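Student: Structure incoming, see below.
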């Protein structure tokens, strides 16, 4: 199963042991495949840099380097028109369209509001773990 992770999910997965952590673990275990565009990877790196400055004891580099090396990198042209209230979120939809990935995992309310756009499902991390990962691990 191919998925796209919003930046908030990646960051939460590194720092906490809740659903985002389980999603990253499922990726490391080969259960899911993460798809990124250069723009998404750039945002992950920018946010990682900001967090490293704010919290010197925190290092996102290992997971960011792993994502850069192991995630499926897809060039994604920008959407012709903004879709999300926050146009910065459109890069996740653009990546989904370019890669034909049907699931974006996010806790961002503005991105969640556009779930269903061109048959792309935007779901919360908990929902993904409960509805997809739990079933996958049982089968």
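The values are calculated or read from the model by the stated rules, or taken from the named source; none is laboratory data. The model shown is predicted, which means the values in this text are computed figures rather than measured ones. Here the Cβ is made from the backbone with ideal geometry for all residues, glycine too, and neighbour counts use every protein chain on show.
Student: Out of everything in the range 1-23 that is part of a loop (DSSP other than H, G, I, E, B) and touching a strand residue (DSSP E or B) at 6+ places or on another chain (Cβ under 9 Å), what residue ends up being surrounded by the fewest Cβ atoms within 10 Å (Cβ to Cβ)? Talk me through it step by step, then tell me what you get.
Tutor: Initial filter on the range 1-23 (part of a loop (DSSP other than H, G, I, E, B)): 1, 6, 16-18.
Then keep just the ones that are touching a strand residue (DSSP E or B) at 6+ places or on another chain (Cβ under 9 Å); that gives 1, 6.
Values: 1: 13, 6: 24.
Among residues in the range 1-23 that are part of a loop (DSSP other than H, G, I, E, B) and touching a strand residue (DSSP E or B) at 6+ places or on another chain (Cβ under 9 Å), the one surrounded by the fewest Cβ atoms within 10 Å (Cβ to Cβ) is 1.
Student: While we're looking at this one, here's another question. Say whether the condition of being out of contact with any helix residue (DSSP H, G or I) (no Cβ under 6 Å at 6 or more places or on another chain), over 14 Å from residue 35 (Cβ atoms) and surrounded by 15 or more Cβ atoms within 10 Å (Cβ to Cβ) is met by at least one residue in the range 90-105.
Tutor: Yes - at least one qualifying residue is present in the range 90-105.
Student: When you look at residue 63, is it surrounded by fewer than 20 Cβ atoms within 10 Å (Cβ to Cβ), in a loop (DSSP other than H, G, I, E, B), in contact with a helix residue (DSSP H, G or I) (Cβ under 9 Å, 6 or more places away or on another chain) and modelled with pLDDT under 95, yes or no? Working first, answer last.
Tutor: Numbers: surrounded by fewer than 20 Cβ atoms within 10 Å (Cβ to Cβ): yes; in a loop (DSSP other than H, G, I, E, B): no; in contact with a helix residue (DSSP H, G or I) (Cβ under 9 Å, 6 or more places away or on another chain): yes; modelled with pLDDT under 95: yes.
When the stated conditions are applied, residue 63 does not pass them.
Student: Are any residues in the range 14-26 in contact (Cβ under 8 Å) with a residue 40 or more places away in the chain and touching a helix residue (DSSP H, G or I) at 6+ places or on another chain (Cβ under 8 Å), and if so, which ones?
Tutor: First, the residues of the range 14-26 that are in contact (Cβ under 8 Å) with a residue 40 or more places away in the chain: 14-15, 18-20, 22-23, 26.
Of everything in the range 14-26, those that are in contact (Cβ under 8 Å) with a residue 40 or more places away in the chain and touching a helix residue (DSSP H, G or I) at 6+ places or on another chain (Cβ under 8 Å) turn out to be 14, 18, 19, 20, 22, 23, 26.
Student: Okay, moving on. Looking only at residues in the range 66-89 that are within 20 Å of residue 108 (Cα to Cα) and under 15 Å from the mean Cα position of the chain (by Cα), which one is surrounded by the most Cβ atoms within 10 Å (Cβ to Cβ)?
Tutor: Per the stated criteria, the residue is 89.
Student: Any residue in the range 58-82 that's in contact (Cβ under 8 Å) with a residue 60 or more places away in the chain: show its pairings with residues that are surrounded by 13 or more Cβ atoms within 10 Å (Cβ to Cβ) and in a helix (DSSP H, G or I) at Cβ separation under 6 Å, as long as the two are six or more apart or on different chains.
Tutor: Listed pairs, sorted by first residue: none to list.
Student: Inspect all residues belonging to the range 117-129 and state whether any of them is surrounded by 12 or more Cβ atoms within 10 Å (Cβ to Cβ) and in a loop (DSSP other than H, G, I, E, B).
Tutor: yes
Student: Of the residues in the range 99-116, how many are touching a residue at least 24 places away in the same chain (Cβ under 8 Å) and over 15 Å from the mean Cα position of the chain (by Cα)?
Tutor: 2
Student: In the range 31-57, which residues are in a loop (DSSP other than H, G, I, E, B), in contact (Cβ under 8 Å) with a residue 12 or more places away in the chain and either loosely packed, with under 14 Cβ neighbours inside 10 Å or in contact with a strand residue (DSSP E or B) (Cβ under 9 Å, 6 or more places away or on another chain) (or both)?
Tutor: The initial filter retains those residues of the range 31-57 that are in a loop (DSSP other than H, G, I, E, B), namely 31-32, 37, 55-57.
Going one step further and asking which of them are in contact (Cβ under 8 Å) with a residue 12 or more places away in the chain, we end up with 31-32, 37.
Those that are in a loop (DSSP other than H, G, I, E, B), in contact (Cβ under 8 Å) with a residue 12 or more places away in the chain and either loosely packed, with under 14 Cβ neighbours inside 10 Å or in contact with a strand residue (DSSP E or B) (Cβ under 9 Å, 6 or more places away or on another chain) (or both): 32, 37.
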